[in-house]
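Notes follow the structure.
Bear in mind these aren't lab numbers, they're just calculated from the coordinates by the rules spelled out. For clarity, every value in this text was computed on a predicted model and none was experimentally measured. All Cβ positions, glycine included, derive from the backbone under ideal geometry; neighbour counts span all protein chains shown.
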Amino acid sequence: MRDVAAEAGVSPMTVSNALTGRRPVSEATRRTVLEAVDRLGYQVNVAARSLRQGRTGVVGIAVPTLDSHYYSRLAHRLVLAFSQAGLATVVEETHASREGELAAFRDSRLNAYDGLVIAALGLTEREINALSREVPVVVLGEQELHQTVDHVSMPNVAGAEAATRLLLDRGCRRLALVGFPTLTGLEDVTLPEGAAFVLRAEGFARVVREHGVQASAAYAGVTQAAGAACARELLGRGEVPDGIFCVTDTLAFGVVRGLADQGVRVPDDVLVVGFDDVEDAQFHIPSLTSVAPDLDGLVSQAVHLLGRRIASPRALPQDVTVSFRVVERESTTRS
């Protein structure tokens, strides 16, 4: 680093700031330093830095899948946020399985990651508590963790309630839930997708009970094809619903396609609401009304809490639920 500083005509501290971003430097100075780095072939000695700091500067991100509108966007934003915090990232897919989530913790230990952000679906609270003693962790998801680890969750029940009320406010009286198999005994149903779907179904069912309206449910998986299959199933039951709440936008896209294949139009015949407000929601035809959790807030909280946990391993755990809004678009707007 001293050689780079001499070559660039700056101090070693300026070189460090230009390379790590810990303190701001001008763009001209940063370019000068990077050019000197290229000319001299300088590389950071990660092992030496780790020994000195007791850290690797690398954190793990574990999500069920990257082949998903929501999780791919979440992982991307986490990578950007950690990069801005001066940390490199390794992203893993757990395939929504207990074994995959255990492997993420194992990899974090073996590779000496500074910490792990994990969207956990398969692990129990007891397992998460035990594993969190071995590596700093922030859990994303809907497990009941009783403030034993740092935890960031989405407003699943409240968001689903707001979506269902919107359908009622628009005059719908024959509602359907796509993404869950039943409207009774919800707590006894276990899905591979974890507790989020249960909570969203619970929010839908609460509003249905409050207003005493007719409602049904359909489940065939989590893909767009599953959404289309649910639409066909609902239509095949005889009475066409006039309002459908889908527990994800991905399912909603499939529902709209499945309805169109049967000559049922959205929003003319049926109103549809999704959940997650992925980017594609505003570009589909019709554009999709969706519950939009504060994803920026979720990412910011996850990065903040992990940094805090790394710096202060004995800090009291925090449990944070982010806010939401309902973004109304064409799928619930009749002309």
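Estimated at 0.36 nm per residue, the fully extended path between D319 and A158 surpasses their Cα-Cα distance by 56.3 nm.
In order along the range 2-16, phi translates into HN-Hα couplings of 5, 5, 5, 4, 5, 5, 8, x, 10, 7, x, 5, 5, 4, 4 Hz, rounded to whole numbers, per the Karplus curve 6.51 cos²θ - 1.76 cosθ + 1.60 with θ = phi - 60° and x for Gly and Pro. The long axis of helix 249-261 is offset from the longest Cα principal axis of the chain by roughly 40 degrees. For the chain, the relative contact order is 15 percent, taking Cα pairs closer than 8 Å that sit 6 or more residues apart in sequence and dividing their mean separation by the residue count.
Ellipsoid semi-axes for the range 82-188, based on the Cα gyration tensor and the rule √(5λ), read 35, 17, 13 Å when sorted largest first. Here the chain yields Rg over Rh of 1.08, to two decimals, using C-alpha coordinates and the Kirkwood radius. Among the GluC sites (Glu not before Pro) found in the range 210-280, those both in a DSSP coil and sparsely packed, with 15 or fewer other Cβ atoms within 10 Å of their Cβ, are E239.
When only the Cβ of Lys, Arg, Asp and Glu is charged (+1, +1, -1, -1), the dipole of the range 203-335 relative to its Cα centre reaches about 460 debye.
Label positions at A88 and R174, each projected 7 Å from the Cα along the C-beta direction, are separated by 5.9 nm. Summing charges over neighbours of A229, with a neighbour being any other residue whose Cβ is under 12 Å away from its Cβ, gives 0 when K and R count +1 and D and E count -1.
Quick one: D188, D3, fewest Cβ neighbours within 10 Å first, how do they rank?
D188, D3
Placing +1 on each Lys and Arg Cβ and -1 on each Asp and Glu Cβ, with no other charges, gives the range 2-44 a dipole about its Cα centre of roughly 180 debye. Close amide H partners of A62, meaning residues 5 or more places away or on another chain with modelled amide H under 5 Å apart, are E92, V117, I118, A119.
In sequence order, the range 317-324 has phi-based couplings of x, 10, 10, 10, 10, 7, 7, 7 Hz under the Karplus curve 6.51 cos²θ - 1.76 cosθ + 1.60, θ = phi - 60°, and Gly or Pro positions carry x.
The amide H of Q214, built 1.01 Å from its N in the peptide plane, has L175 as neighbours under 5 Å, considering only residues 5 or more places off or on other chains.
For G243, the residues whose modelled amide H falls within less than 5 Å of its own, excluding neighbours fewer than 5 places apart on the same chain, are R174, A176, L271. If you look at the Cα atoms of the range 210-335, you get an Rg and a Dmax of 18.3, 59 Å. Using the Karplus relation 6.51 cos²θ - 1.76 cosθ + 1.60 with θ = phi - 60°, the per-residue 3J(HN,Hα) values for the range 167-184 come to 4, 5, 4, 8, x, 6, 9, 10, 9, 9, 10, 10, x, 8, x, 8, 10, 10 Hz, with x marking Gly and Pro. Computed over the alpha-carbon atoms, the range 2-44 gives an Rg to Rh ratio of 0.90, Rh here being the Kirkwood radius from the mean inverse distance. Taken about its Cα centre, the chain carries a charge dipole of roughly 940 debye when the Cβ of each Lys and Arg holds +1 and the Cβ of each Asp and Glu holds -1.
Along the axis of the charge dipole computed for the range 2-44 (Cβ charges of +1 for Lys and Arg, -1 for Asp and Glu, origin at the Cα centre), the listed residues S11, A36, P24 are led at the positive end by P24. Can you compute the label reach from R30? Point 7 Å from Cα along the Cβ direction, backbone N cut-off under 17 Å, restricted to the range 71-89. Under cut-off, by backbone N: 80-88. Overall dimensions of the range 279-335, expressed as equivalent-ellipsoid semi-axes from the Cα gyration tensor (√(5λ), whole Å, largest first), are 37, 11, 5.
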